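The values are calculated or read from the model by the stated rules, or taken from the named source; none is laboratory data. Remember, it's a predicted structure, so these values are computed and weren't measured experimentally. Because the Cβ atoms are built from the backbone with ideal geometry, glycine has one as well, and the counts that use them run over all protein chains shown.
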Amino acid sequence: MNKIVLMSILGVALVGIFVIKRMQKPAGNARYTIGILQTASHPALDAAREGFMQELQSTLGNEVAFVIQNAQGSVSQAHSIAQQFHANKKMNGFFAIATPAAQAMSAVEKERPIIISAVTDPHALGIIHPTTNVCGTKDMIDVKAEIDMLLHLVPHAHHVGLVYTSGEVNSRVLSKLMRKELEARGIVVSDFAFGSEADVHAMVELACRKADVILAPTDNTVASTIAVIAATALKHKKPLFVSDNMLVKSGALAARGVDYKTGGKRAAQIAHEVIVEGKKPFEVPVEQPTCEQIFINQTTLEALGLTIPPELHNQVVLEEKR
């Protein structure tokens, strides 16, 4: 009886050792591990992440693995995640999506490569310099082309309201460029900046009462609350122009802006050059993907009683009615 019990105990012990060894075995055989820090959840930033991952998986297959963390719009959370990534010495590099993520990651990581995307002006952030470990793509739009589009679609516009988040550096930078371009054409410009999502509806209501046209730069809060902004603008019969092409599907009138998935794919190609091929980040200039297409929401166009002028026909992509 004692012999049987002893054999049973030994058997359980051996099984336990086997389980422990299996738990300690590394998951997968990835040669490269990349930490992805995403500022917030909305379609544009999701598209940048998807484009990045798909491109690297198509070239590296199972040799690449990703650790994905989302700050959910919190700057403090972005910095906390950046600290965790920095402490993980098994990561070969990092992908920072949007300005807050790029700022948080570059504040703590000074050696391993940081690939960025959906950052409007990385030079203004001070993260691009002769010995930088940061490279990738930015989402600065062609401001002149955007304003050209706006004035072709709404030639009678004389007062434009800029709606953006006061705390987002990227939004402030692009808004200033938009203001400069509009004022150079004799258009009156007013800023309607909000501090958080809670302020969006009231500020957009005010913009609609004061201005003829509403214009938004690339902005994380705008993207997250686009349904509210678009509905408010349409209620007041005010054309809403955005800088993120994907937001047109949500009710904005038009955009000639950023294709975030393309930006993410190009960032992945740059990541391959740096992390796999061994180029130094400071040897790879930050790129600005261009977009020649104009995205127009047909339902919104008809609701506002507007038409597409002949000079834009070859560039326009009509989104399906919703």
* **Search result, residues across segment 291-308 that are exposed (fewer than 13 other Cβ atoms within 10 Å of the Cβ) and within 21 Å of G257 (Cα to Cα)** => E292, T307
* **Selection from segment 47-59 of residues that are in contact with a Lys or Arg (Cβ under 9 Å, 6 or more places away or on another chain) and surrounded by fewer than 19 Cβ atoms within 10 Å (Cβ to Cβ)** => E50, Q54
* Asked: So which residues in segment 145-173 are in contact with an Asp or Glu (Cβ under 6 Å, 6 or more places away or on another chain) and part of a helix (DSSP H, G or I), if there are any at all?
  -> I147, S171, V173
* Consider only pairs whose beta carbons are under 7 Å apart and that are at least six residues apart or on different chains; among these, list those whose first residue lies in segment 41-65 and is among the polar types (S, T, N, Q) and whose second residue is assigned to a helix (DSSP H, G or I). => T59/H272
* **Contacts under 7 angstrom Cβ, first residue in segment 73-90 being assigned to a loop (DSSP other than H, G, I, E, B), partner surrounded by fewer than 19 Cβ atoms within 10 Å (Cβ to Cβ), 6 or more apart** => K90/T33
* With respect to the numbered conditions (1) outside the structural domain of A252 (by TED's automatic domain parsing); (2) buried (at least 20 other Cβ atoms within 10 Å of the Cβ); (3) out of contact with any Asp or Glu (no Cβ under 7 Å at 6 or more places or on another chain), which one is the sole condition not fulfilled by T99? -> (3)
* To do: Determine the pairs where a residue that is within 21 Å of L206 (Cα to Cα) and modelled with pLDDT of 95 or more, located within segment 162-186, has a partner that is among the charged types (D, E, K, R) and buried (at least 18 other Cβ atoms within 10 Å of the Cβ) with Cβ atoms under 6 Å apart, the partner being 6 or more residues away or on another chain.
  => Y164/D219; T165/D219
* To do: Please indicate, with yes or no, whether at least one residue in segment 269-282 is of a type in the set (G, A, S), assigned to a loop (DSSP other than H, G, I, E, B) and either assigned by TED's automatic domain parsing to the domain that holds S175 or surrounded by 16 or more Cβ atoms within 10 Å (Cβ to Cβ) (or both).
  => no
* Run down E319, E311, E292, E287 and say which single residue is of a type in the set (D, E, K, R) and under 30 Å from N133 (Cα atoms). => E287
* Pick from S117, S74: which is of a type in the set (S, T, Y) and surrounded by fewer than 22 Cβ atoms within 10 Å (Cβ to Cβ)? -> S74
